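Student: One structure is given below, represented as structure tokens, and several questions about it will come after.
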Amino acid sequence: MPLELYTPGHNLVTDSLIMHGMVRYLVWAGARRGSVERIGERFRIIVNEDVDENKAVKELVRLQGQCRSTIEKIEAIGLFLRKVWASNVNEPAFPAWVRSLSQSITAFKSIKTYTDINHAANSNEGRRSSRVNPTAYLPLGPIYGKYLSRDYVVKENVQYTICPTCFLMANMGLAYGSFVLRVNKGNRISSIMVTLIPSVKADLIDIVLVQRAFEHRYNEFNLDIPILAAPLIVLSFGETLYAFENMDALIWIYEKSGNFMRIPNYIQINIEGLLKAISDIKYHIPQWPRILNDCFLKNEDGPIILAELSEAIINNTIKDNIYNITREIVEFLKKKETCIAHLDAIKKLVDVLAEL
């Protein structure tokens with residue numbers, strides 16, 4: 001029989017991660033056909049076949065084993081928990097985070113808890129203390145996380161709790177449905193999280209394809225990454241995603257400088273044009289990811305140029321800016337001897353951008 005599930009309605013970021021976690025769990029349980037529909041800041045997931053949750057629970061047991069090893073060895077064990085570590089800039093919180101994840105797996109009963117459209121209210125979730133519900137750490141929901149963000153300034157000791165199932169699904173969404181760019185620069189650490197969500201409605205398989213490109217993926221850098229450069233970098237490094245209709249990128253940043261933590265930015269953008277552009281660029285310039293890694297992401301000016309390119313593609317102004325941007329790229333590559341060899345590829349880039 002068809003199964004109809006709803007994300008609980010915490011906020012767009014947390015619900016997006018929970019949605020990705022639910023999709024991964026359902027795929028583990030044998031789901032192949034279905035849809036994911038955006039309803040405000042929530043999502044409705046419909047699966048058109050029976051699922052076997054026993055299969056999915058076996059995967060959760062494996063994850064719990066990694067949690068226990070991580071707690072024992074005091075270091076992230078396994079790709080899943082290394083991704084969680086990469087998203088977290090508050091190092092002292094990591095052991096408690098992993099313990100909460102393990103406890104959430106123990107408490108988990110069934111994905112069918114999300115058939116209740118009032119799940120969050122009925123589970124006593126929200127901005128309140130709880131001995132049962134774990135705290136939502138900031139990477140899992142920047143507006144309502146372990147610290148409350150008001151005007152993007154982080155206040156401590158104001159907790160937003162979510163039930164163990166929501167905590168588990170949000171962590172699964174972080175590991176499987178997001179791409180993390182971690183920046184380590186002096187005494188400042190920041191994590192930029194990018195996930196893709198349907199702006200209206202998508203087939204279940206489309207969400208699965210996004211997860212195949214993003215799962216367990218994170219990169220570390222020692223230079224600043226403008227937020228608009230993030231989706232271009234992520235799509236360039238990951239498995240090529242060909243153009244989806246009605247797909248948005250949700251991007252949020254969690255930053256720590258000294259003892260001060262904040263969320264400087266949180267944006268949602270339609271990236272249909274960017275998806276097409278990057279797939280075309282990677283097709284005609286197979287070395288594009290290497291150009292980014294070896295040149296643009298080794299110099300402070302590189303990410304700024306990538307942000308300009310990304311903004312022009314997203315806003316559909318690339319034809320008006322193509323020559324200014326390509327001139328900047330050429331001048332940038334000429335400054336580094338090892339990057340000069342890539343100048344021929346930029347000629348192809350101009351042709352690709354001109355066809356957008």
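Student: When both residues are 6+ apart or on different chains and their Cβ atoms are under 9 Å apart, which pairs have a first residue that lies in the stretch 330-344 and is more than 14 Å from Gly302 (Cα to Cα), and a second that is surrounded by fewer than 18 Cβ atoms within 10 Å (Cβ to Cβ) and of a type outside the set (Gly, Ala, Ser)?
Tutor: Close Cβ pairs satisfying both conditions: Thr338/Asp294; Ile340/Lys334; His342/Gln287; His342/Arg290; His342/Asp294; Leu343/Val330; Leu343/Lys334.
Student: Still on this structure: Of Ser16, Ser102, which residue is small (Gly, Ala, Ser), farther than 22 Å from Ile192 by Cβ, assigned by TED's automatic domain parsing to the domain that holds Asn171 and assigned to a helix (DSSP H, G or I)?
Tutor: Ser102
Student: In addition: Of all residues in the stretch 41-69 being within 26 Å of Asn11 (Cα to Cα) and of a type in the set (D, E, K, R), which is surrounded by the most Cβ atoms within 10 Å (Cβ to Cβ)?
Tutor: So, considering only residues that are within 26 Å of Asn11 (Cα to Cα) and of a type in the set (D, E, K, R), the one surrounded by the most Cβ atoms within 10 Å (Cβ to Cβ) is Arg42.
Student: Quick check on my filter: what residues within the stretch 331-345 are of a type in the set (A, V, I, L, M) and surrounded by 17 or more Cβ atoms within 10 Å (Cβ to Cβ)?
Tutor: Listed by number, the residues that qualify are Leu333, Ala345.
Every residue, every condition in (1) in a strand (DSSP E or B); (2) acidic (Asp, Glu); (3) surrounded by 15 or more Cβ atoms within 10 Å (Cβ to Cβ), yes or no:
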| position | (1), (2), (3) |
| --- | --- |
| Gln211 | no, no, yes |
| Glu220 | yes, yes, no |
| Pro226 | no, no, yes |
| Pro231 | no, no, yes |
| Val234 | no, no, yes |
| Glu245 | no, yes, no |
| Leu250 | yes, no, yes |
| Tyr254 | yes, no, yes |
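Student: Tell me which residues, restricted to the stretch 39-59, are under 14 Å from Glu4 (Cα atoms), at pLDDT 95 or above and out of contact with any helix residue (DSSP H, G or I) (no Cβ under 9 Å at 6 or more places or on another chain).
Tutor: Within the stretch 39-59, Ile39, Arg44 meet the criteria.
Student: Right, here's the next one. Can you tell me which residue in the stretch 20-40 is surrounded by the most Cβ atoms within 10 Å (Cβ to Cβ), limited to those that are touching a Phe, Trp or Tyr at 6+ places or on another chain (Cβ under 9 Å) and assigned to a helix (DSSP H, G or I)?
Tutor: Going through the qualifying residues, I end up with His20.
Student: Checking the structure you have, find out if any residue of the stretch 342-352 is of a type in the set (Asp, Glu) and touching a Pro at 6+ places or on another chain (Cβ under 7 Å).
Tutor: no
Student: For the subset of the stretch 41-56 comprising residues that are assigned to a helix (DSSP H, G or I) and free of Cβ contacts under 8 Å to residues at least 40 places away in the same chain, which member is nearest to Ala249 (Cα to Cα)?
Tutor: Out of the qualifying residues, it is Lys55.
Student: When you look at Ile207, is it of a type outside the set (Ser, Thr, Tyr) and outside any helix (DSSP H, G or I), yes or no?
Tutor: no
Student: List the helices (runs of 4 or more DSSP H) inside the stretch 263-334, counting only whole elements, that have at least 3 residues being closer than 22 Å to Tyr218 by Cβ.
Tutor: 272-284, 288-294, 301-314
Student: Which residue out of Ser279, Ser236 is more than 19 Å from Val13 (Cβ to Cβ), hydroxyl-bearing (Ser, Thr, Tyr) and more than 16 Å from the chain's Cα centre (by Cα)?
Tutor: Selected residue: Ser279, the only one of Ser279, Ser236 that is more than 19 Å from Val13 (Cβ to Cβ), hydroxyl-bearing (Ser, Thr, Tyr) and more than 16 Å from the chain's Cα centre (by Cα).
Student: Now a separate question. Taking the criterion of being at positive phi and of a type in the set (Val, Ile, Thr), would at least one residue in the stretch 70-83 satisfy it?
Tutor: Yes; the residues of the stretch 70-83 include at least one that is at positive phi and of a type in the set (Val, Ile, Thr).
Student: Something else about it: Check Asn315, Asn293 and return the single one that is touching a Phe, Trp or Tyr at 6+ places or on another chain (Cβ under 9 Å), at pLDDT 90 or above and surrounded by fewer than 17 Cβ atoms within 10 Å (Cβ to Cβ).
Tutor: After ruling out the rest, the residue left standing is Asn293.
Student: Can you tell me which residue within the stretch 335-354, out of those that are of a type in the set (Lys, Arg) and not in a loop (DSSP other than H, G, I, E, B), is farthest from Pro289 (Cα to Cα)?
Tutor: Selected residue: Lys347.
Student: What do you reckon, is Glu72 touching a residue at least 12 places away in the same chain (Cβ under 8 Å) and either of a type outside the set (A, V, I, L, M) or loosely packed, with under 13 Cβ neighbours inside 10 Å (or both)?
Tutor: Taking the combined requirement at face value, the residue does not satisfy it.
The values are calculated or read from the model by the stated rules, or taken from the named source; none is laboratory data. Predicted model only: the values in this text are computed from it and were never measured. Methodologically, a virtual Cβ is constructed for each residue, glycine included, from the backbone with ideal geometry; neighbour enumeration extends over all protein chains shown.
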